[in-house]
Amino acid sequence: MTGHLYPLFVLAPVCGLLVDSVLHVIVSRMLRGRQIPSLAVAFLLGGLVSCLLTVQALKCSMFNSVEYWSCQMGNCLFYAALGFCYFNFVNLHIASLRIRILLELLSAGSEGLDVKAVLSKYNARDIINRRLERLCIGRQLLERNQRYYVGNRLFLLIARCNVLAKQLIQGGRYRKL
């Protein structure tokens, strides 16, 4: 690889992540806040940018085909790792009730909050109803005759992969519902 294209090769996954994060915001607004589809579209397009920049950087290289594809796959894996971190960052922001409760306690100052105040803001029934509403809006769940059904098999696959990853990482300590 020629020296002047080396920075492009190294930065290709980072540029892909930049495209991913910007497109996530744009696509999310276009899809009215549907996070999973907007994350998927942005991730795929960011990956495409990363791959195209890597191809451009490797165009003038003297690598044989094994070296060329090793570099390409390495950058793809690096971009996927960055994208996974971004997904988890967004997911943490979206789903973390614990952080919101801690911020409420922080804003309450030295007086703190009593249990009634916390429960009035974070009633379990209300939280579940809002979560079910968001899942229905995002079409991950379908509601018919006051019963819920899986609406998106891809979302179910993601949930199963999440359970599998937790089982692999935590071993027998993690039990799925």
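Worth a mention:
- Some residue of region 65-81 being surrounded by 12 or more Cβ atoms within 10 Å (Cβ to Cβ) and either in contact with a Phe, Trp or Tyr (Cβ under 6 Å, 6 or more places away or on another chain) or closer than 25 Å to L132 by Cα (or both): no
- Taken together, the residues in region 95-115 that are out of contact with any Gly (no Cβ under 7 Å at 6 or more places or on another chain) and either among the polar types (S, T, N, Q) or closer than 29 Å to L135 by Cβ (or both) amount to 14.
- Region 84-111 - residue that is loosely packed, with under 11 Cβ neighbours inside 10 Å and of a type in the set (G, A, S) and, of those, nearest to L18 (Cα to Cα): S107
- Considering only residues in region 32-49 that are over 20 Å from N88 (Cα atoms) and of a type outside the set (V, I, T), the one that is surrounded by the most Cβ atoms within 10 Å (Cβ to Cβ) turns out to be L48.
- Filtering F78, F87, F63 for residues that are modelled with pLDDT under 95, in a helix (DSSP H, G or I) and of a type in the set (F, W, Y) leaves a single hit, F87.
- Members of region 113-124 that are at pLDDT 80 or above and either exposed (fewer than 11 other Cβ atoms within 10 Å of the Cβ) or among the acidic types (D, E) (or both): D114, V115, K116
- Taken over region 90-142, the criterion of being assigned by TED's automatic domain parsing to the domain that holds F155, of a type in the set (S, T, N, Q) and part of a helix (DSSP H, G or I) is satisfied by S107, S110, S120, N129.
- Residue within region 128-140 that is closer than 23 Å to P37 by Cα, among the β-branched types (V, I, T), modelled with pLDDT under 85 and within 17 Å of the chain's Cα centre (by Cα) present: no
- V150 fulfils the conditions (1) at pLDDT below 85; (2) surrounded by 10 or more Cβ atoms within 10 Å (Cβ to Cβ) except for a single criterion, (1).
- So L23, is it surrounded by 15 or more Cβ atoms within 10 Å (Cβ to Cβ), in a helix (DSSP H, G or I) and not assigned by TED's automatic domain parsing to the domain that holds E133: yes
The values are calculated or read from the model by the stated rules, or taken from the named source; none is laboratory data. Quick caveat: nothing in here was measured; it's all calculated off a predicted structure. All Cβ positions, even for glycine, are placed from backbone atoms using ideal geometry, and neighbour counts span all protein chains on display.
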